[in-house]
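Q: My structure is below; once you've seen it, I'll send some questions.
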Amino acid sequence: MSAGDSSRELAASFEDVNAAAFVARLRAGGEDGRRAFETLVRATHGRLSAFVRRHLGDADDAQEVVQEVFLAVHKGLPGFQGNSKLTTWMYSLAHFKVCDVIAARTRSRAVFQDARTETGEIPDALQAAIVEPGVQSTDWDSPPDAVFVRRRVEGLMARAVALLKPPGCDVYRLRDVEGLSGEEVAEMLGLSHAAVRVQLHRARMEIVAWVRARLGESPAGKGVTA
Amino acid sequence: MNRLMSPVFYPCAKIPDFTYDYLENRLPVTTLVRFRAHLSLCKGCAEFVRLYRLAADPVRFLEETPVPPDLIERTLEFVENNGKR
């Protein structure tokens, strides 16, 4: 199965769990509610995990955050008014928890940087934590050179995404990576629809500019007629 | 005279401004014609749009991390143990 097929199936699952009848079962609790919750976890766990992991990089941290998100969902369901999609609410919870972890890491890094100035060395554990996302793709029908070039471009793209900074990175990950609608992203991040559009365009432009710089190409808009 | 310098064609600097709407199929017809005419003559901008299109479709290049099967069971167990409401 291709990544696209898999994503489409996941998207379909997401639509199912957003149905009003399903949400009503969840809110009602009891044995049926428990079964509905299990269905919710099975339908959304993979995608939420990927979302959190892309933000945090570390699988263990991501799993911890995802567990906390599902716990928060379980506890918060009685108060869930259904003003937004269930999955939008879940992504909001995940986003807040990811921000908490990143803020905690930033505080730790400040402490670490203080320590580094004293010792002048970076611990091995920290070096190992600097992960570059890889690319897994095979295309046996393409000529080897084309496959090589495509893999290089895709690898650079993945690295460029990892380097995006907020707020563009949040908008890009929710809109392009997770496939949420512009309206959902605007609601989650408290932005106008126009701001989502601007941030998304900027993020894509940053990715392209970063990749082109590494490919030795001139930036967009600096061509023949610039 | 370079055909790209003709007033009929957009300058390269304008191409990024239109690319978002181009991918969303929201360019007015006249703009779309001029945009495509530019791309047909300008290899650099055509390459830019190709990369922009790829950036907008990260499923094609981001690794999808498989979730170990026991993680779902562990999550359900975690919520069961901690989530009495």
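Q: Tally the residues that are at pLDDT 90 or above and open to solvent by 60 Å² or more (accessible area, probe 1.4 Å), restricting the search to the stretch A:69-100.
A: 0
Q: Looking at (1) at pLDDT 90 or above; (2) surrounded by 20 or more Cβ atoms within 10 Å (Cβ to Cβ); (3) at the interface with another protein chain (Cβ under 10 Å from one of its Cβ atoms), which is the one condition that is false for A:Val185?
A: With respect to (1) at pLDDT 90 or above; (2) surrounded by 20 or more Cβ atoms within 10 Å (Cβ to Cβ); (3) at the interface with another protein chain (Cβ under 10 Å from one of its Cβ atoms), A:Val185 is out only on (3).
Q: How about the stretch A:50-68: which of its residues are facing chain B (nearest Cβ under 10 Å) and either open to solvent by less than 20 Å² (accessible area, probe 1.4 Å) or over 12 Å from the mean Cα position of the chain (by Cα) (or both)?
A: Matches in the stretch A:50-68: A:Ala50, A:Ala59, A:Ala62, A:Gln63, A:Glu64, A:Val66, A:Gln67, A:Glu68.
Q: Still on this structure: Are any of the residues in the stretch B:31-42 modelled with pLDDT of 90 or more and at the interface with chain A (Cβ under 7 Å from one of its Cβ atoms)?
A: yes
The values are calculated or read from the model by the stated rules, or taken from the named source; none is laboratory data. If you're wondering where the values come from, they're calculated on a predicted model, not measured in any experiment. Reconstructed Cβ throughout: ideal geometry from the backbone, glycine too, with neighbour counts over all protein chains shown. Heads up: the accessible areas ignore ligands, DNA and RNA and are worked out on the full protein's heavy atoms, side chains in. Shrake-Rupley method; radii C 1.70, N 1.55, O 1.52, S 1.80 Å.
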